[in-house]
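To start, the structure itself, in structure tokens.
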There are 2 protein chains.
Amino acid sequence: MGKENFVKEITNIEENFTQWYTDVVLKAELADYAETKGCIAIRPYGYAIWENIQNYTDKKFKEVGIQNFSMPSLIPESLLNKEKDHVEGFAPEVAWVTIGGEEELEEKLCIRPTSETIISTMYSKWINSWRDLPVLGNQWCNVLRWEKETRPFLRSREFLWQEGHTVHETSKEAEERTLMMLEIYSDVIENLLAIPVLKGRKTEKEKFAGAAQTYTVECLMHDGRALQAGTSHYFGQNFSKPFNIKFQNREGKDEFGYTTSWGITTRLIGAIIMAHGDNRGLKLPPKVAPIQVVIVPIAQHKDGVLDTCLELKNNLSKSFKIKLDDRDNYSPGFKFNDWEMRGVPVRIEIGPRDIENGECILVRRDTLEKETVALENLEKRLKELLEDIQNNMFNECLERRKAKTSVAYSLDEILQNLETNQGYVKTMWCGNMACEDKIKEVTGAHSRCIPFEQEHLADVCPICGKKADKMVVWGRQY
Amino acid sequence: MGKENFVKEITNIEENFTQWYTDVVLKAELADYAETKGCIAIRPYGYAIWENIQNYTDKKFKEVGIQNFSMPSLIPESLLNKEKDHVEGFAPEVAWVTIGGEEELEEKLCIRPTSETIISTMYSKWINSWRDLPVLGNQWCNVLRWEKETRPFLRSREFLWQEGHTVHETSKEAEERTLMMLEIYSDVIENLLAIPVLKGRKTEKEKFAGAAQTYTVECLMHDGRALQAGTSHYFGQNFSKPFNIKFQNREGKDEFGYTTSWGITTRLIGAIIMAHGDNRGLKLPPKVAPIQVVIVPIAQHKDGVLDTCLELKNNLSKSFKIKLDDRDNYSPGFKFNDWEMRGVPVRIEIGPRDIENGECILVRRDTLEKETVALENLEKRLKELLEDIQNNMFNECLERRKAKTSVAYSLDEILQNLETNQGYVKTMWCGNMACEDKIKEVTGAHSRCIPFEQEHLADVCPICGKKADKMVVWGRQY
């Protein structure tokens, strides 16, 4: 099976990005559609990416004092109803359990779409004094949101995530925590997933149901559409009041706590696919790749080839996540394509002649460049190469983002920029939701955020012409 | 607050074991009752125990080729109905989702009580040839079973577990895998949790709904009741046939795969509590303890005490999970009791005079023995001590099990032994379910298992008097 044939199995990324995405998800065996409508099965190769994200993130969480727990997945209707904005935001998209143990339930239970309500209820039991604060909790779990249109990883009725929930003595401390956790997300996405993020605050229109402020990290995909990759919410006392999270403060008086929540989800796997992939398929940043190096033997039936490969594998497995593909029913050419499609960062090719010469060939997935390396230098060279690939993949995304970021001074210009290039469009904004609505209505772009790094592009809002002192970034989204 | 007052807060273990258990769960902050009926919130201290169990177990799984994945938590009714015994076993205790996104569902969905059905459906899509086998999958997730009577960790409507599901070419390989995974459970429970296990095969009556064979690891609790701590099931082709898990075998013919499943749950936290606890509360084996060593400063307001404690903590934290309790609103006496109640294996007491003498006091939680140790030998001594505690706790359980294991030759004797001592009662058994039913009806004991290590106690069944060649262990259970 030749290379050309194989690659043709994936839709061309420039012709039909949506179909390309689905092809990669299925053919790289990251996930598959399940019998349960709108839900996916995350396959071992996809789940291993999630495990790597979890391990990296959880370590960062623990370094800043976060403790994991596990809360019930079912929330009584009366609890969900306690915070008005929250229930309005989530009630339309929840799944309800109405029967348990063959009996109709007295009160129906929703499967958590997010757990502010149930967690706040527990926190109100556990917190008495300022000495109990801060409470810094988190859970890694599944949640359900009854989406009408679904896409693997990006928008699935069920997905995996972590949801952190904290309570603090002061608004200042809570706001600092909100930003601290956003910083961790930024670290995860930039340093592990090699995708540059745009950091900022969501507008009133785009913030989380029930939040006082929502902060976000935004990523730009291959096709120039934006993806909200992680959010961190400051609630003020919006939840502590209805849920009665009270503490005795240092002056001996009762006070409501200041709370936050923040989450990242398995949609990050979608972000990796769409930020880095190409016409050969998936392209994984080395730090998050379940397999960093694959060894493909050439003429593996010949004496000594598999033995050498096995020895290489054993030596290198201390330093790298390494796989030997010794399948005897596929040609090396098929294997090259197969592992390229699965996004493995580096491939080692080694056959009888290479062994004779004490060398092997390295092929990097990001640039497809080949090099010959002496076996004695292999470990050192692999280390350099993986680091270089990680950096190069980040830089490629950064370059694309630069190329796809534009400035606009009128509604027409916003639309025109998006039609040409998708991407991020920067404008000034007066702060009025009507102007935001207008932009969304005409261009289909949502405000991504009010970036922390502000620029002064003009004095007035491109919609209403009134005074504008905020710069907003707009973009069509996943 | 004196020691006596404090300890009295926990019900006496010999007077009311059930209440003692609940007291420990709540007061050691392992879990709390949630607003959702029959469900618990696992608090950070309890969840950290589960994380330690997960880490240990998951590493063992990966060593034998197991790969994690994530399957949907909702199972369409038609799938659950495909395997007759399975649906009969589980349908009465599932929770049904009937409404999603504000609309009545066409087909109701149950929240997984276990995932054989949905996983088998995916496997049937993924498996084509013997080359795809074995498939060795696992997921760490939540499941729901609508229990009528619930107890934290032991029997909760929602619990956390891992469920492994494998498919093999031959029945032999599948049976070997079933036993291999049971061996890992035995390792986890004996070496990590310090609880000896009884290994064996479940009787027809007690096996998993849909299984050909169920193997079990059984533990004995403080009060002499048994706890099923982990099970591993061999399904033969019971699931592969209705779910069409077919593969082309080495002869090119279609054949149904041979499948297994196996699981351990958060009930293991209940096992730790009930196997090791005493009148001071929880007693954690060092290897699974979230905090292995706690430093309690004496006269912490005095110059240099907290500095020394902090230095100790920093030095020791490379080798141990260590906590410094520097709370300034509790006396050392209160702290001693508090950490004993939370089961921390070793306490370090250190005050101004100890610092002057270059020493500290170590108190071990299992025996409450005290010793004075020079600070220069502290790390070495702590290592020895933790190892000794781990072994001693295992041996104490083993001794209790020996003391509470008896032999019986008649129904009366089984009943009498259980009334006196609870514990395990060994008898011969003819293999007839009617005799098993009789024993259960009269004594309230279930057959724990047909142990792998068989003994010949008599020639006949104590119930029917017919020829008996199997030894069974009986016990009342949690």
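The values are calculated or read from the model by the stated rules, or taken from the named source; none is laboratory data. Given the structure is predicted, the values throughout are model-derived calculations rather than measurements. Quick reminder, even Gly has a Cβ in these numbers, built from the backbone with ideal geometry, and neighbours come from all protein chains shown.
Out of the strands (runs of 3 or more DSSP E) lying entirely within the range B:150-258, which hold 3 or more residues that are among the small types (Gly, Ala, Ser), modelled with pLDDT of 95 or more and over 18 Å from B:Glu83 (Cα atoms)?
Those strands (runs of 3 or more DSSP E) span B:226-236.
Residue check: is A:Val24 under 26 Å from A:Ile118 (Cβ atoms) and surrounded by 17 or more Cβ atoms within 10 Å (Cβ to Cβ)? Explain how you work it out, then say what you get.
Numbers: under 26 Å from A:Ile118 (Cβ atoms): no; surrounded by 17 or more Cβ atoms within 10 Å (Cβ to Cβ): yes.
No; evaluated as a whole, the condition is false for this residue.
The requirement of being within 18 Å of the chain's Cα centre (by Cα), away from chain A (no Cβ under 14 Å) and more than 26 Å from B:Pro134 (Cβ to Cβ) is satisfied by B:Glu190.
Just to be sure, is A:Lys62 at pLDDT below 95, of a type outside the set (A, V, I, L, M, F, W, C) and surrounded by fewer than 18 Cβ atoms within 10 Å (Cβ to Cβ)?
Criteria not met by A:Lys62.
Considering the range B:426-456, the residues that are hydroxyl-bearing (Ser, Thr, Tyr) and outside any helix (DSSP H, G or I) include one that is nearest to B:Gln416 (Cα to Cα), namely B:Thr427. Going through the range B:35-47 one residue at a time, which ones are free of Cβ contacts under 8 Å to residues at least 60 places away in the same chain and crowded, with 24+ Cβ neighbours inside 10 Å? Across the range B:35-47, the qualifying residues are B:Ala41, B:Tyr47.
Which members of the range B:464-478 meet the condition of being buried (at least 22 other Cβ atoms within 10 Å of the Cβ) and over 28 Å from the mean Cα position of the chain (by Cα)? Scanning the range B:464-478 gives a single hit, B:Ala468. Of the residues making up the range A:181-214, those that are without any contact (Cβ under 8 Å) to a residue 60 or more places away in the chain and not basic (Lys, Arg) number 7. If the condition is being of a type in the set (Ser, Thr, Tyr) and either assigned by TED's automatic domain parsing to the domain that holds B:Glu218 or touching a residue at least 24 places away in the same chain (Cβ under 8 Å) (or both), then the range B:418-474 contributes B:Tyr424, B:Thr427, B:Thr443, B:Ser447.
In this structure, is A:Thr98 in contact with a Leu (Cβ under 7 Å, 6 or more places away or on another chain) and surrounded by fewer than 19 Cβ atoms within 10 Å (Cβ to Cβ)?
Values: in contact with a Leu (Cβ under 7 Å, 6 or more places away or on another chain): yes; surrounded by fewer than 19 Cβ atoms within 10 Å (Cβ to Cβ): yes.
So A:Thr98 fits the description; yes.
Looking only at residues in the range A:399-425 that are assigned to a helix (DSSP H, G or I) and of a type in the set (Lys, Arg), the one that is farthest from A:Glu204 (Cα to Cα) is A:Arg400.
The condition (being at pLDDT 95 or above, in contact with a Leu (Cβ under 7 Å, 6 or more places away or on another chain) and crowded, with 16+ Cβ neighbours inside 10 Å) is satisfied by just one residue among A:Cys449, A:Cys435, A:Cys461, A:Cys430: A:Cys449.
The combined condition, being farther than 17 Å from B:Ile66 by Cβ and under 18 Å from the mean Cα position of the chain (by Cα), is fulfilled by B:Phe208. Which of (1) more than 10 Å from every other protein chain (Cβ to nearest Cβ); (2) of a type outside the set (Val, Ile, Thr); (3) assigned to a helix (DSSP H, G or I); (4) without any contact (Cβ under 8 Å) to a residue 24 or more places away in the chain is the odd one out, the single condition A:Ser124 does not satisfy? Going through (1) more than 10 Å from every other protein chain (Cβ to nearest Cβ); (2) of a type outside the set (Val, Ile, Thr); (3) assigned to a helix (DSSP H, G or I); (4) without any contact (Cβ under 8 Å) to a residue 24 or more places away in the chain one by one, A:Ser124 breaks only (4). Need pairs with beta-carbon distance below 6 Å; first residue assigned by TED's automatic domain parsing to the domain that holds B:Lys60 and in contact (Cβ under 8 Å) with a residue 12 or more places away in the chain and within the range B:168-180, second in a helix (DSSP H, G or I) and of a type in the set (Gly, Ala, Ser); sequence gap 6+ or separate chains. So the pair list comes out as B:His168/B:Ala174. The condition of being modelled with pLDDT under 95, of a type in the set (A, V, I, L, M) and within 24 Å of B:Val97 (Cα to Cα) holds for only one of A:Leu105, A:Leu80, A:Leu144, A:Leu109, that being A:Leu80.
If I filter the range B:144-154 down to residues being within 13 Å of another protein chain (Cβ to nearest Cβ) and surrounded by fewer than 20 Cβ atoms within 10 Å (Cβ to Cβ), which single residue comes out as nearest to B:Gly46 (Cα to Cα)? Steps first, please.
The initial filter retains those residues of the range B:144-154 that are within 13 Å of another protein chain (Cβ to nearest Cβ), namely B:144-150, B:152-153.
From the residues that got through so far, the ones that are surrounded by fewer than 20 Cβ atoms within 10 Å (Cβ to Cβ) too are B:147-150.
Details: B:Glu147: 22, B:Lys148: 24, B:Glu149: 21, B:Thr150: 18 Å.
Going through the qualifying residues, I end up with B:Thr150.
Please go through the range B:366-390 and give me each residue that is in contact (Cβ under 8 Å) with a residue 60 or more places away in the chain and in a helix (DSSP H, G or I), ordered by number. Scanning the range B:366-390 gives B:Leu375, B:Leu378, B:Glu379, B:Leu382, B:Lys383, B:Leu386, B:Glu387, B:Ile389, B:Gln390.
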